[in-house]
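Colleague: This is the structure, below, for whatever I ask next.
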């Protein structure tokens, strides 16, 4: 029989044509080389004072870095920017998750930029205690404000700091002020821990509330209510208007239970809608009245002096803690001491005393 000509299988794949290279290797090298070039402290300061947002963002990244080698450079930038700072209004905004902080800040920020203000929003995003990651979605939620040329939004992960604000946020304020932003808004995580820290770095503290969530009963409690310079009931629109008005009356009654503030200011209550923008201008008018009063009686300037002193002491505490846990002898002893405490071989207080003696001995 004649040999049959073999045919390739129907599943046989023909050799294809290699697609052309879409990315130039030279371009990749140029980009990598550009990223390796780190601007000097002087270049960053020059850019910040000129209003360059890229320089500002890079400087804030330095401040937020946990790399020890970045600390000295960050301090150089901050010290150079300090003479150009302290010229803004610092506003802290807090409220429980779901109260509409991001929506309110966008409406409020757009109103301020419409008045010719330059607004910087420092939004602290909660970090996961499991993965240690953060969504950093504040820019997404403020899609209109983020496109405004007179606004700057910087989301930051809370990390392991109390409530997500500490020295890094305080220094970021200085950089934003040096860059020309005259209104700084700090949004807290809103989990009940960060309010004290935020209060210690702002001029005006705004508490956002919503009606119909049982918050009216919380009004008679101390703590966050005592720190607030104004309470604003958000989401006062549609069928919720009457509830917001009722909540406003209840919170106003609660405020009268607290002692007078050192500033001489009487906290106010109001309602607004971040959706319809109803009541937003009144919030700014309240802040202006507060500033007029506290500047007139010199309280605002004295408060900032106290805040500077507070953050000096906080920085000392933070640095001592960092040095303690990075100490070579402490790192050697810590695990065994922890196990001894867990096994009731030594009391927690005696163990702490032993570790501290070891630390100060060296």
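Colleague: List 249, 341 from most exposed to least, where exposure is judged by having the fewest other Cβ atoms within 10 Å.
Modeller: 249, 341
Colleague: Which order do 278, 106 fall in if you start with the one that has the fewest other Cβ atoms within 10 Å?
Modeller: The most exposed by this proxy come first: 278, 106.
Colleague: With a ≥ b ≥ c the root eigenvalues of the C-alpha gyration tensor of the stretch 274-362, is it rounded (a/c under 1.5), prolate (a/b larger than b/c) or oblate?
Modeller: Since a/c reaches 1.5 and a/b is larger than b/c, the shape of the stretch 274-362 is classed as prolate.
Colleague: Does the stretch 60-119 come out rounded, prolate or oblate, given a ≥ b ≥ c as the square roots of the eigenvalues of its C-alpha gyration tensor, rounded meaning a/c under 1.5 and, failing that, prolate meaning a/b above b/c?
Modeller: Oblate.
Colleague: Return 312, 201 ranked ascending by Cβ neighbour count within 10 Å, so the fewest neighbours appear first.
Modeller: In order of increasing Cβ crowding within 10 Å: 312, 201.
Colleague: On a full-extension model of 0.36 nm per residue, what is the gain between residue 312 and residue 278, subtracting their alpha-carbon distance, rounded to one decimal in nm?
Modeller: 8.2 nm
Colleague: Compute the Cα gyration tensor for the stretch 242-302, then decide on rounded, prolate or oblate, letting a ≥ b ≥ c be the square roots of its eigenvalues: rounded whenever a/c is under 1.5, prolate when a/b is larger than b/c in the other cases, and oblate in all that remain.
Modeller: Oblate, because a/c is 1.5 or more while a/b does not exceed b/c.
Where a number appears in this text, it was derived from the coordinates with a stated rule and is not lab data. Everything quoted here is computed from the prediction, not taken from an experiment. No Cβ is skipped: glycine too gets one built from the backbone with ideal geometry, and neighbour counts run over all protein chains shown.
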